[in-house]
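Here is the structure we will look at, set down as structure tokens.
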Amino acid sequence: MQEEKLKLGVIVSIREDGFEKELEKVRDFGLPTCQVNNWKPELFTEENAKIIRKSGERYSVEVTTIWAGYPGPARWNFTEGPSTIGLVPPEHRQMRVDALKAGADFAVSCGVPSITTHAGFIPENPADALYAGTVEALKEVAEYCKKLGIFFCFETGQETPITLLRVIKDIDTGNLGVNLDPANLLMYGKANPVDSLDIIGKYVLGVHAKDGEYPTEPGSLGCEKALGQGRVNFPVLVPKLKSLGYKGALTIEREISGEQQAKDIKMAMELLAPLC
């Protein structure tokens, strides 16, 4: 029996000026899946859910997760990031819990099986005063998702893999997963992506096919790179994922815009296709 291949995908965003064109991009790339990204809870509307459902059917594109952002500041660096990203900062928690619940409702309306987000710089020390409150807030979101029959996924990045494993076990709702972003593990200086699978591999439900480098300046993340030009060893990473039973999508992410982004996505497709 021939092994089922992994599907490729790309990230698209809900836009205030319409979403259907985003699904057209996925079709134009010839890709069968996508993740839908949104940082504005006010765009989690039934109208947008209908567009996603109908456009997905029209273009034969499967939406694998709703990447749910949240309101308030988010500084993607090591100096302001810990106090602004995710559910770790106490002053932003409740509105972000509410935003993630809205994202969960939206995912159900779209017929999508999960939401994904960055939880923030979760403290490595479980005795840290911020740890318990963060876990409590995350558990509230996870339990809400469970009632709706969907998964809640942590995108890797600001926390070490062992910290993420501890959080998953401390929440213990049975509907938790990991969206593995191997580049983030490098760019935040948290882990070698291949080795991280020894810790969190069995929880991986989604993957960002993104590349990058370790940080070299104390305050700044490492650089994102076009796939194949950074340190992520995809020829080793993808087979290891498959050996752990991973059957989800490889969702290409390139955090630039314009013509070069399209070129880099096509290059990533060529590099990943033989590995699927």
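The values are calculated or read from the model by the stated rules, or taken from the named source; none is laboratory data. Computed from a prediction, not measured in an experiment: that's the story for all the values here. Note that each Cβ is placed from the backbone with ideal geometry, even for glycine, and that neighbours are counted across all protein chains shown.
Per-structure values
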item: Subset of the stretch 10-52 that is of a type in the set (Gly, Ala, Ser) and farther than 15 Å from Cys110 by Cβ - its residue that is modelled with the lowest pLDDT; result: Gly18
item: Out of Pro113, Pro90, sole residue that is surrounded by fewer than 22 Cβ atoms within 10 Å (Cβ to Cβ), within 16 Å of the chain's Cα centre (by Cα) and free of Cβ contacts under 8 Å to residues at least 60 places away in the same chain; result: Pro113
item: Verdict on Glu255 being outside any helix (DSSP H, G or I), acidic (Asp, Glu) and in contact with a strand residue (DSSP E or B) (Cβ under 8 Å, 6 or more places away or on another chain); result: yes
item: Complete set of residues in the stretch 36-46 that are assigned to a helix (DSSP H, G or I) and either crowded, with 21+ Cβ neighbours inside 10 Å or without any contact (Cβ under 8 Å) to a residue 60 or more places away in the chain (or both); result: Glu42, Leu43
item: Condition met for His118 (buried (at least 21 other Cβ atoms within 10 Å of the Cβ) and free of Cβ contacts under 8 Å to residues at least 24 places away in the same chain); result: no
item: Qualifying residues in the stretch 169-185 (those that are farther than 23 Å from Ala74 by Cα and β-branched (Val, Ile, Thr)) - the one surrounded by the most Cβ atoms within 10 Å (Cβ to Cβ); result: Ile171
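Every residue, every condition in (1) over 16 Å from Trp67 (Cβ atoms); (2) in a helix (DSSP H, G or I); (3) touching a residue at least 40 places away in the same chain (Cβ under 8 Å), yes or no:
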residue: Glu4; (1), (2), (3): yes, no, yes
residue: Leu8; (1), (2), (3): yes, no, yes
residue: Val12; (1), (2), (3): no, no, no
residue: Asp17; (1), (2), (3): yes, no, no
residue: Lys21; (1), (2), (3): yes, yes, no
residue: Arg27; (1), (2), (3): yes, yes, no
residue: Cys34; (1), (2), (3): no, no, yes
residue: Asn48; (1), (2), (3): no, yes, yes
